[in-house]
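The values are calculated or read from the model by the stated rules, or taken from the named source; none is laboratory data. Values in this document were obtained by computation on a predicted structure and should not be read as measured data. All Cβ positions, glycine included, derive from the backbone under ideal geometry; neighbour counts span all protein chains shown.
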Amino acid sequence: MNKPLDGLLVLEFCQFLAGPSAGLKLADMGARVIKIERPVKGEACRQLAIKNLFVEEDSLLFHTINRNKESYAADLKNAEDLERVKKLIAAADVMTHNFRPGVMEKIGLDFESVKAINPKIIYGVVTGYGSEGPWAAKPGQDLLVQSVSGLTTLSGTAEEGPIPFGLSVADIMCGNHLTQGILAALIKRVKTNKAVLVEVSLLESVLDIQFEVLTTYLNDGGQLPKRSNVKGSGHSYLSAPYGVYATADGYLALAMGDLSDISSAIECDISAVFTDADSSFKNRDEILDCLALSLKDKTTSEWLAILEPRGIWCADVLTYQAATAHPAFEEIGMKQVLSAGSHRIETTRSPVQLDGDKLYSSKAAPKVGASNEIINQEFKL
Amino acid sequence: MLPLEGYLVVDFSQFLSGPSASLRLADLGARVIKVERPGNGDICRTLYTSNLVMNGVSSVFHAINRNKESFAADLKDPDDAAMIRQLLVKADIVMHNFRPGVMERLGFDYASVKALNPTVIYGEISGYGLDGPFKDKPGQDLLLQSLTGLTWLTGNADSGPVPMGLSIIDMLAGAHLAQGLLACLYRKAVKGEGGLAQVSMLESAYDFQFETITTFFNDGGVNPERSQKSNANAYLGAPYGIYKTADGYLALAMGSIPFLAKLLECEGLAAFKDGKEAFDKRDEIKDVLGSHLQSRSTQAWLSVLEPADIWCADVLDWNRLFEHDGFKVLKMVQSVQMADGYSYDTLRCSIRIDGERIFASKGSPKLGEDNDAIIKEFTLNEQAYEFGK
C-alpha cells in the first residue's frame with residue numbers, strides 16, 4: 001500500500017518512551033526510522049523492564065516501543081563514528097533527540113550545526129520541562145512531571161491524596177505532540193524548502209491534556225478541583241451520576257445522563273438529594289451514594305439490559321482478560337504478532353487507519369547496530 | 001509563518017475528540033470552519049463542568065473551540081446542504097465524529113465528498129470502529145475507559161476501578177486523528193493525492209495502553225495488580241509512587257532501595273534488595289518507606305534526595321504550580337478574545353515551532369458568527385441546491 005510517509009528517513013537519537021513513541025507512529029505511517037544508539041549497550045530502555053520481562057537481552061518494553069525500526073550503532077564521541085552519522089544526517093528528513101539541554105551542542109549536533117549539514121532537516125527535541133527556568137535540569141520522568149503538573153489532584157477520591165494516572169501519560173501525550181509537530185513541519189518544508197525546529201516538553205504536554213479543566217480554573221476564580229469522597233467517582237468537574245458503581249457481580253460505568261431517567265430506570269428514590277437542576281453538581285456525592293445503594297442489587301448484565309434500551313450511557317467495567325476476550329476486541333484487529341528471532345511477541349498496532357487500511361507491521365525491534373553494514377553500504381558512509 | 005498556513009479545514013465534529021484535533025490544526029496555522037446545526041450548535045456549548053457558564057456557553061467549549069470560525073447549517077435542509085457542498089470543494093480537510101452511518105445518510109461521507117473534491121483529506125472518529133458488537137454504543141470517554149481495562153491501572157489494589165479523571169481517550173483519539181490527517185496532508189502537498197484517516201476511541205484507548213497490554217499478552221494473560229499503597233504503575237516495583245510527608249507529598253520514581261535506605265536513614269528499608277525483590281516485595285517496601293517519609297517535610301527529603309540524583313519531586317496542586325517559576329517560564333497561559341469583546345484565559349498550543357511559542361488571540365465563535373462572511377467570501381449560493389448531486 002501507498003503509505004503517506006513512504007520515502008521519509010527519520011533518525012532517532014531519542015531514548016525511553018516519549019521520543020521513540022513518536023518514531024513508532026512515523027514508522028507505522030510509512031517512514032523509515034533508524035535508531036542511532038551507542039555501541040554494545042544501545043539505548044537505555046533496552047535494560048528498563050516492567051515486571052522484569054525480557055526477550056533475549058532486551059526488555060519487552062523496548063520491543064513494544066521500538067518495533068518497525070532499524071538500529072545504527074555509533075559512538076558520538078568517536079570522530080569517525082560522528083562523521084558517519086553526519087553523512088547520514090545529510091540524507092535524512094527528520095531527526096529527534098531528548099538529551100538534556102547542552103548535550104547536543106557539545107557533540108556538535110545541535111540544530112544550528114545540523115542545519116549546516118542539512119539545510120532541510122526537521123529537528124525534533126523533547127525535554128522534560130522546556131529548556132529554561134528552574135526545572136530545566138530536572139529529570140524528565142513521567143511520574144515527576146505528573147506530580148508537579150497538578151494532574152494527581154483529578155483522579156480517585158479526595159481523601160486518598162494525590163493519585164497519579166497509572167500509565168506514562170506525560171510521555172505518551174508528548175510523543176503524540178512531537179509526531180504532530182514533525183508532520184506539520186514536513187508540510188511547511190514542502191513550501192519553504194527550509195529546516196524546521198520542533199520542540200515539545202513532557203510538562204507542556206501534560207498541561208495540554210488538562211486544558212479543559214485548567215480553562216475552568218482560570219475563569220472560575222482559581223478554585224481547585226473538588227474530587228468526590230465517593231469511591232468510583234469519575235471526574236472532579238462533572239456532576240452525578242458520572243462514575244463507576246459496584247453491582248452484585250462486578251461494576252457498571254454511568255456517564256452523563258438525565259438523573260430522573262436514570263433513577264427511575266433503576267428504581268432508586270433520589271428525591272431527597274435531587275431537588276433542582278443544580279443538585280447534580282451541588283449534591284453530587286449524596287446522589288452518587290444513593291445510586292450506589294440501588295445499583296448493588298442486580299448484576300451488571302441485568303442493569304445493562306435495563307439501561308441500554310433506554311438510551312442511558314452505560315457500560316460494563318472490564319479487566320484486560322475480559323476486554324481482550326470480548327468479540328469487540330477481535331473485531332477491531334488491534335493485535336499483531338512480531339517475530340523476534342525464535343520469539344513471538346504479541347503487541348498492538350497503530351491506532352490510525354489510512355485509506356481504509358489498518359497499519360500492521362511484523363518487524364520486531366532491532367538488535368543494537370543490526371543495520372550498520374547495510375546502512376554503511378547504502379549511504380556510502 | 002505557521003506550518004499549516006493556507007489550508008482550510010471544515011469540521012463537522014462535536015464534543016471533544018474531533019474538535020481537539022481541529023484546535024491543534026488551527027493552532028498550527030490552518031483555518032478551521034466549524035459547521036454547527038442552527039439553534040443549539042455543538043452540544044458541547046451546553047456541556048457544563050462545575051456549572052461554569054462563560055458568556056453563554058460552557059468553559060469546556062471555550063477551551064476546545066477557540067481559534068475557529070462557526071458556520072451554522074442544517075445538513076438536512078437542501079439549501080444549507082448545497083452551500084456546505086460548495087464549501088467542501090474548497091476544503092483541504094473535512095472531518096467529523098458522527099456515529100457510523102450518519103454522514104452516509106446526509107450525503108457527506110467520504111465517497112460523496114471525494115466526488116466533489118477528489119484530493120480532499122477526510123477524517124473521522126468513531127467510538128468503536130464501523131463494525132462489531134459495540135458499533136452503536138455511545139463513544140463516551142468514561143465508557144471507553146471502562147471497556148478497555150484502563151480503570152484497573154490507577155489507584156491502589158483495594159480502590160476498585162478508578163477512572164482517570166480527564167477525558168483522556170477523547171484527547172488521544174483527537175491527537176491520533178490529527179496525526180493521520182497531517183500525514184495525509186504531507187502526502188497531498190508532495191503528490192497531490194487525497195486520503196482517508198480513520199480513528200476510533202477504542203483503538204486509541206488500546207494504543208494508550210500499548211506497553212501494559214503488550215506485557216499482559218506476553219506474561220500469560222495475568223491482569224495487572226496495583227500495589228496496596230502508593231501505586232503509580234501496576235507494572236513497576238518500589239519505590240515508584242507518591243508518599244505522604246510531614247507537610248505534603250513526595251513523588252519517587254526509580255531508585256535503588258539499599259541506596260535509599262542509607263540516604264533516608266531508614267533502617268527498615270535496608271533488608272530489601274533491588275531488581276526482582278523491589279517488585280515482588282513492593283507492598284512491604286512501600287509500607288516501610290511510607291511510614292518513614294512521614295517523619296520529615298517534603299522539602300527536607302528533597303534536599304537529601306536531589307543532590308544524590310534520586311528522581312523525585314514535590315507534588316503540587318494548580319495554585320502552587322502557577323506560583324512556581326518553573327511554570328511561569330513556560331508562558332503556557334494566554335488570553336483570548338471573542339468577536340463581541342468577551343475575553344478569557346486558557347492554555348496555548350503545547351508545540352513550539354522554530355523556537356516560537358504559538359499564541360492565538362482569537363476566542364471561540366458564537367454560533368453562526370461567520371455565516372455572512374463565509375457565504376460572501378466563497379460565493380456560496382443556496383439556490384444552487386442541486387450542486388454536486
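May I ask you to say which residue of A:Ala370, A:Ala325, A:Ala365 is of a type outside the set (Phe, Trp, Tyr), in contact with a His (Cβ under 6 Å, 6 or more places away or on another chain) and at pLDDT 95 or above? Give the steps one after another, and end with the answer.
On the way: A:Ala370 fails: in contact with a His (Cβ under 6 Å, 6 or more places away or on another chain); A:Ala325 fails: in contact with a His (Cβ under 6 Å, 6 or more places away or on another chain).
On inspection, the qualifying residue turns out to be A:Ala365.
Among the helices (runs of 4 or more DSSP H) confined wholly to the range B:34-125, which include 3 or more residues that are away from every other protein chain (no Cβ under 14 Å) and modelled with pLDDT of 95 or more? Steps first, please.
On the way: elements: B:59-65, B:78-89, B:102-106, B:110-116.
Fully inside the range B:34-125 and qualifying: B:78-89, B:102-106, B:110-116.
Based on what the data block shows, is B:Ala251 closer than 20 Å to B:Val304 by Cα, without any contact (Cβ under 8 Å) to a residue 60 or more places away in the chain and of a type in the set (A, V, I, L, M)?
Numbers: closer than 20 Å to B:Val304 by Cα: yes; without any contact (Cβ under 8 Å) to a residue 60 or more places away in the chain: no; of a type in the set (A, V, I, L, M): yes.
When the stated conditions are applied, B:Ala251 does not pass them.
Taking B:Leu143, is it at the interface with chain A (Cβ under 8 Å from one of its Cβ atoms), closer than 25 Å to A:Thr152 by Cβ and hydrophobic (A, V, I, L, M, F, W, C)?
Working: at the interface with chain A (Cβ under 8 Å from one of its Cβ atoms): yes; closer than 25 Å to A:Thr152 by Cβ: yes; hydrophobic (A, V, I, L, M, F, W, C): yes.
Yes; evaluated as a whole, the condition is true for this residue.
Of all the residues that make up the range B:273-292, how many are buried (at least 19 other Cβ atoms within 10 Å of the Cβ) and without any contact (Cβ under 8 Å) to a residue 24 or more places away in the chain?
1
Kindly indicate whether any position in the range B:195-207 is at the interface with chain A (Cβ under 7 Å from one of its Cβ atoms) and more than 30 Å from B:Asn117 (Cβ to Cβ).
yes
Across the range B:293-329, what is the total count of residues that are within 7 Å of chain A (Cβ to nearest Cβ), in a loop (DSSP other than H, G, I, E, B) and surrounded by 21 or more Cβ atoms within 10 Å (Cβ to Cβ)?
2
In this structure, is B:Asp372 of a type outside the set (A, V, I, L, M), more than 11 Å from chain A (Cβ to nearest Cβ), more than 27 Å from the chain's Cα centre (by Cα) and not in a helix (DSSP H, G or I)?
Numbers: of a type outside the set (A, V, I, L, M): yes; more than 11 Å from chain A (Cβ to nearest Cβ): yes; more than 27 Å from the chain's Cα centre (by Cα): yes; not in a helix (DSSP H, G or I): no.
No, not satisfied.
Read through the list (1) on the phi < 0 side of the Ramachandran plot; (2) in contact (Cβ under 8 Å) with a residue 60 or more places away in the chain; (3) surrounded by fewer than 21 Cβ atoms within 10 Å (Cβ to Cβ), then give the number of the only condition that B:Asp109 fails.
Condition (2) is where B:Asp109 drops out.
Could you look through the range A:36-51, keep only residues that are more than 14 Å from every other protein chain (Cβ to nearest Cβ) and not acidic (Asp, Glu), and pick out the one that is surrounded by the fewest Cβ atoms within 10 Å (Cβ to Cβ)? If you could, list the steps in order and put the result at the bottom.
First, the residues of the range A:36-51 that are more than 14 Å from every other protein chain (Cβ to nearest Cβ): A:36-43, A:46.
From what is left, the residues that are not acidic (Asp, Glu) are A:36, A:38-42, A:46.
Values: A:Ile36: 22, A:Arg38: 17, A:Pro39: 13, A:Val40: 9, A:Lys41: 11, A:Gly42: 22, A:Arg46: 21.
Out of the qualifying residues, it is A:Val40.
Scan the range A:322-373 for residues that are touching a residue at least 60 places away in the same chain (Cβ under 8 Å) and away from chain B (no Cβ under 13 Å) and jot them down.
Filtering the range A:322-373 down to residues touching a residue at least 60 places away in the same chain (Cβ under 8 Å) leaves A:338, A:340-341, A:343, A:345, A:347, A:349-350, A:352, A:354-355, A:357, A:359, A:361, A:363-372.
Listed by number, the residues that qualify are A:Gly341, A:Ser361, A:Lys363, A:Pro366, A:Lys367, A:Val368, A:Gly369, A:Ala370, A:Ser371, A:Asn372.
If a residue must be touching a residue at least 40 places away in the same chain (Cβ under 8 Å), crowded, with 24+ Cβ neighbours inside 10 Å and part of a strand (DSSP E or B), how many such residues does the range B:2-32 contain?
3
Which residues, taken from the range B:330-357, are within 22 Å of B:Met1 (Cα to Cα) and at the interface with another protein chain (Cβ under 7 Å from one of its Cβ atoms)?
Passing the criteria: B:Leu330, B:Met332, B:Val333, B:Leu347, B:Ser350, B:Ile351, B:Arg352, B:Ile353, B:Asp354, B:Gly355.
Search the range B:146-171 for residues being at the interface with another protein chain (Cβ under 7 Å from one of its Cβ atoms) and among the hydrophobic types (A, V, I, L, M, F, W, C), and hand back the single one that is nearest to the chain's Cα centre (by Cα).
B:Met171
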